[in-house]
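Read the structure below first, then the notes.
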Amino acid sequence: MAEAGGGTEGAAGCVQRAYLYLVRDVEVSGPPFASSDLAAMAFDPDEVTRLTGLQPTESSRSGDRVSGTSRLRRFSQWTYELPEVRSYDTEEVVLALLGAIEPYAEGIHAACRTLGMRAGVMVVITMYGDRDTDDGGLDVSTASIAYGAQTLRRLTLLGLSVEHDQYVFLLD
């Protein structure tokens, strides 16, 4: 069972978060990206929001100024993310996201079809371990990344790909 909030409080553990993303469905030659690639990947995040009916947790447009800097964003971005939870069970995290976005399935499909986009789920898994003081070995419990047939059907009905980013940190 997942526990909200991801702080490690000095103990080994695993926290996960999942988010829905929509990006332009284009073939590019990079990275590094040519200016023509960046132009092909650009989109209006407000239009994605209008079509999906889902309010993003984060969005930005290519060319927008990065807050507090003089830099300009290279990529457009649109994501809907749930809060990080303490859990070793990746399917549990994905199921929570599916429950939140399935009511917007028609809008997600409309945005993909109308704007030439593709949608996916990114699961970010952060595992914290420690070093055994007796023998110097590492102690890291890893996440369980497995999906049942019903979860795979739900992802498929939404036309979603699934990606995983994994990070391991040793606690001091």
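Brief remarks on what is shown
- Computed per residue of the chain from DSSP H runs no shorter than four, each worth -39500 (n - 2.57), the mean residue ellipticity at 222 nm is -8000 deg cm²/dmol.
- Lys/Arg +1, Asp/Glu -1 at C-beta; the chain dipole; positive extreme among F43, T126, G148: F43
- Counting only protein heavy atoms and a probe of 1.4 Å, the accessible surface of the chain is 50% carbon and sulfur.
- Charge tally around F43: other residues with Cβ under 11 Å, Lys/Arg +1 each, Asp/Glu -1 each, net -2.
- Per residue, segment 1-127 exposes 51 Å² of accessible surface when a 1.4 Å probe is rolled over the protein heavy atoms with every protein chain present.
- For Rg and Dmax of the Cα atoms in Å, the value computed from the atomic coordinates appears in the list [x] 18.4, 60; [y] 29.9, 106; [z] 19.3, 70 under label [x].
- Anisotropy class of segment 64-118 from Cα gyration tensor, a/c 1.5 cut: oblate
The values are calculated or read from the model by the stated rules, or taken from the named source; none is laboratory data. Please read these numbers as outputs of a predicted model, since none were measured by experiment. Cβ atoms come from the backbone with ideal geometry, glycine included; neighbour counts cover every protein chain shown. These area figures cover heavy atoms from the full protein model, side chains too; ligands, DNA and RNA do not enter into them. Shrake-Rupley method; radii C 1.70, N 1.55, O 1.52, S 1.80 Å.
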